[in-house]
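Asks: One structure, as structure tokens, below. Some questions next.
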Amino acid sequence: MKTLITNAHIISPGIDIVGGSVLIDGTKIAAVLTPGETAEADKVIDAAGNMLMPGFIDIHSHGAGGCDTCDCKVESIRTIADCKMKEGVTTWLPTTLTLGTKTLMDVCEVVKEYAASPNGSKTPGVHLEGPYINPKQCGAQNPAFVRPADFEEVEMLNNIYPVLLISMAPEMPGAVDFIAKASAVGITCSAGHSAASYADFKKAKAAGLKHLTHFCNQMSPQHHREIGLVGSGMLDKDVKIEIICDKIHLCEDMLKLTFTNKDISQMMMITDSLACSWMPDGPGSLGGLPIIVKGGVARLESGNLAGSTLRFAKGLKNVQELTGKPLCELVKATSWNQAQSLGLYDLGKVAPGYTADLVLLDTEYDIVKTIIDGEVRYEA
């Protein structure tokens, strides 16, 4: 079936077309039309002048709607995927915590079961956040389950369901060898919950390290005699950085500084959302540790930030308002960069031949429609 989306403000990497149209044939984008161009279709959707962008890709999200990836229940994955779809996220990586091997195996099993019959956002793989982190940089991770890097463990998990991304501390014993082995089989390694020096970073990058996890949070800070991971992320021209754009995990000035000095092609917006996302304030838990949400901010009893309640489009709105950068540039950080980094090469652009995973937003960045594989799966 052919579907034509008309009267759209099309925003894609390097593209900004007001009053354009997009022709979808089955699950793929067949054509992008400028104002005045027409095409025949079985179904016509009037975008009413709203913004049409590539569906967001959230590579770091633990939960939403009262459910956590580590509940190890397919019903929880379905709930989170449904919430993500309502945020305009068409692809997400269910993200684990620093927990035992059996729990991580169970997560992979339930994500595999969900992926066989998805009801919301797609889950092409999982993101392991931990357990191979620096115990001095646990943040909201449970120190009881921290352990040395173990490629055989990850290989076993990857055989259950693809491990596309793993966050770890590259300065810990055996980590560099682990990064080399994981990178060789297509697993993207990211430095996180880490006290790595710049020298540690360079060794890890030479072994295959490609990302930095939730930039600035639970990583070695920049100092004028040791630039740490924060300075490494600013200085290096290849490494991509995850960034939580809620104005809480990074203050407004740090967001402006980062988006001003780091090339947009190396930025990846994430939510790092928890089960308390899409839920009212109150008590909760994360990996067995109690948290409290107040004013939409999630913290451990110690006061440490514990992920976020951020909805994806709100992060994009925050960055655009803070930086003034054009959306056709910022949109690279919502899906294109993530897709390129993880090898999801048919995603992240509104262009012929790409999968028709799209999001329609109004001028307040509220989600109007979410389209997955050419079908409207959510409508406000």
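The values are calculated or read from the model by the stated rules, or taken from the named source; none is laboratory data. Everything numeric here is computed off the predicted structure, so don't read it as measured data. All Cβ positions, glycine included, derive from the backbone under ideal geometry; neighbour counts span all protein chains shown. What goes into the accessible areas is simple: the full protein's heavy atoms, side chains included, and nothing from ligands, DNA or RNA. Shrake-Rupley method; radii C 1.70, N 1.55, O 1.52, S 1.80 Å.
Asks: Does Lys210 satisfy the condition of being surrounded by fewer than 22 Cβ atoms within 10 Å (Cβ to Cβ), under 30 Å from Glu75 (Cβ atoms) and among the basic types (Lys, Arg)?
Replies: Values: surrounded by fewer than 22 Cβ atoms within 10 Å (Cβ to Cβ): yes; under 30 Å from Glu75 (Cβ atoms): no; among the basic types (Lys, Arg): yes.
For Lys210, the condition - surrounded by fewer than 22 Cβ atoms within 10 Å (Cβ to Cβ), under 30 Å from Glu75 (Cβ atoms) and among the basic types (Lys, Arg) - is not met.
Asks: Ala180 is checked against (1) over 19 Å from the mean Cα position of the chain (by Cα); (2) open to solvent by 50 Å² or more (accessible area, probe 1.4 Å) and fails just one. What number does that condition carry?
Replies: (2)
Asks: Considering (1) surrounded by fewer than 24 Cβ atoms within 10 Å (Cβ to Cβ); (2) of a type in the set (A, V, I, L, M); (3) under 14 Å from the mean Cα position of the chain (by Cα), say which one Leu255 fails and leave the rest.
Replies: Leu255 satisfies every listed condition except (3).
Asks: Turning to a different aspect of this structure: Determine which member of the set Asp58, Asp106 is in contact (Cβ under 8 Å) with a residue 24 or more places away in the chain and touching a strand residue (DSSP E or B) at 6+ places or on another chain (Cβ under 7 Å).
Replies: Asp58
Asks: Kindly indicate whether Lys28 is open to solvent by 30 Å² or more (accessible area, probe 1.4 Å), out of contact with any helix residue (DSSP H, G or I) (no Cβ under 6 Å at 6 or more places or on another chain), modelled with pLDDT of 95 or more and closer than 14 Å to Pro352 by Cα. Give the steps one after another, and end with the answer.
Replies: Numbers: open to solvent by 30 Å² or more (accessible area, probe 1.4 Å): yes; out of contact with any helix residue (DSSP H, G or I) (no Cβ under 6 Å at 6 or more places or on another chain): yes; modelled with pLDDT of 95 or more: yes; closer than 14 Å to Pro352 by Cα: yes.
So Lys28 fits the description; yes.
Asks: Filter the strands (runs of 3 or more DSSP E) completely within the range 275-380 down to those with at least 1 residues that are more than 27 Å from Asn7 (Cα to Cα).
Replies: Working: elements: 282-286, 289-294, 297-300, 358-361, 367-372, 375-379.
Because the criterion is at least 1 residues that are more than 27 Å from Asn7 (Cα to Cα), the strands (runs of 3 or more DSSP E) in the range 275-380 that meet it are 282-286, 289-294, 297-300.
Asks: Okay, next question. When the range 76-112 is examined, which residues are found to be closer than 20 Å to Gly287 by Cα and part of a strand (DSSP E or B)?
Replies: Taking the range 76-112 first, the residues closer than 20 Å to Gly287 by Cα are 76-81, 92-111.
If the condition is that a residue be closer than 20 Å to Gly287 by Cα and part of a strand (DSSP E or B), then Trp92, Leu93, Pro94, Thr95 are the ones that fit.
Asks: Sticking with this structure for a sec: Looking at Gly120 and the list (1) at pLDDT 95 or above; (2) open to solvent by less than 10 Å² (accessible area, probe 1.4 Å); (3) not aliphatic (A, V, I, L, M), which single condition is not satisfied?
Replies: With (1) at pLDDT 95 or above; (2) open to solvent by less than 10 Å² (accessible area, probe 1.4 Å); (3) not aliphatic (A, V, I, L, M) applied to Gly120, the lone miss is (1).
Asks: For the subset of the range 261-275 comprising residues that are open to solvent by 10 Å² or more (accessible area, probe 1.4 Å) and of a type in the set (S, T, N, Q), which member is farthest from Val331 (Cα to Cα)?
Replies: The residue in question is Asn261.
Asks: Just one of the numbered conditions (1) of a type in the set (Ser, Thr, Tyr); (2) touching a residue at least 60 places away in the same chain (Cβ under 8 Å); (3) closer than 21 Å to Val176 by Cα is not true of Ser197; which one?
Replies: (2)
Residue-by-condition table, conditions (1) open to solvent by less than 20 Å² (accessible area, probe 1.4 Å); (2) assigned to a strand (DSSP E or B):
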position	(1), (2)
Ile17	no, yes
Gly20	yes, yes
Ile24	yes, yes
Val32	no, yes
Glu37	no, no
Val44	no, yes
Ala48	no, no
Met53	yes, yes
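Asks: Here is a further query. Taking the range 35-78, which residues are over 17 Å from the mean Cα position of the chain (by Cα) and hydroxyl-bearing (Ser, Thr, Tyr)?
Replies: Thr38, Ser76, listed by residue number.
Asks: Still on this structure, I have one more. Could you check Ile372 against (1) under 25 Å from Ile248 (Cβ atoms); (2) at pLDDT 95 or above; (3) surrounded by 22 or more Cβ atoms within 10 Å (Cβ to Cβ) and say which number it fails?
Replies: With respect to (1) under 25 Å from Ile248 (Cβ atoms); (2) at pLDDT 95 or above; (3) surrounded by 22 or more Cβ atoms within 10 Å (Cβ to Cβ), Ile372 is out only on (1).
Asks: In this structure, is Leu235 within 19 Å of the chain's Cα centre (by Cα) and under 21 Å from Asn337 (Cα atoms)? Step through it out loud before you land on a result.
Replies: Details: within 19 Å of the chain's Cα centre (by Cα): no; under 21 Å from Asn337 (Cα atoms): yes.
Spelling it out, it is not the case that Leu235 is within 19 Å of the chain's Cα centre (by Cα) and under 21 Å from Asn337 (Cα atoms).
Asks: Determine if the range 247-254 includes at least one residue that is at negative phi and in contact with a Gly (Cβ under 7 Å, 6 or more places away or on another chain).
Replies: Step one: of the range 247-254, the residues at negative phi are 248-254.
Narrowing the set further to residues that are in contact with a Gly (Cβ under 7 Å, 6 or more places away or on another chain) leaves none.
Among the residues of the range 247-254, not one is at negative phi and in contact with a Gly (Cβ under 7 Å, 6 or more places away or on another chain), which makes the answer no.
Asks: Evaluate the range 24-32: report whether one residue or more is touching a strand residue (DSSP E or B) at 6+ places or on another chain (Cβ under 6 Å), acidic (Asp, Glu) and at negative phi.
Replies: Yes, because at least one residue in the range 24-32 is touching a strand residue (DSSP E or B) at 6+ places or on another chain (Cβ under 6 Å), acidic (Asp, Glu) and at negative phi.
Asks: Scan the range 58-67 and tell me whether some residue there is open to solvent by 20 Å² or more (accessible area, probe 1.4 Å) and part of a strand (DSSP E or B).
Replies: yes
Asks: Now for a separate question. Filter the range 69-86 for residues that are charged (D, E, K, R), out of contact with any Asp or Glu (no Cβ under 8 Å at 6 or more places or on another chain), closer than 24 Å to Ala380 by Cα and in contact (Cβ under 8 Å) with a residue 12 or more places away in the chain and give the result. So that I can check it myself, show each step before the final result.
Replies: Of all residues in the range 69-86, those charged (D, E, K, R) come to 71, 73, 75, 78, 82, 84, 86.
Checking the rest, the ones that are also out of contact with any Asp or Glu (no Cβ under 8 Å at 6 or more places or on another chain) come to 71, 73, 75, 78, 82, 86.
Going one step further and asking which of them are closer than 24 Å to Ala380 by Cα, we end up with 75, 78, 82, 86.
Across the range 69-86, the qualifying residues are Arg78, Asp82, Lys86.
Asks: Looking only at the range 276-305, filter to residues that are closer than 20 Å to His193 by Cβ and in contact with a Gly (Cβ under 8 Å, 6 or more places away or on another chain); which one of those is surrounded by the most Cβ atoms within 10 Å (Cβ to Cβ)?
Replies: Ala298
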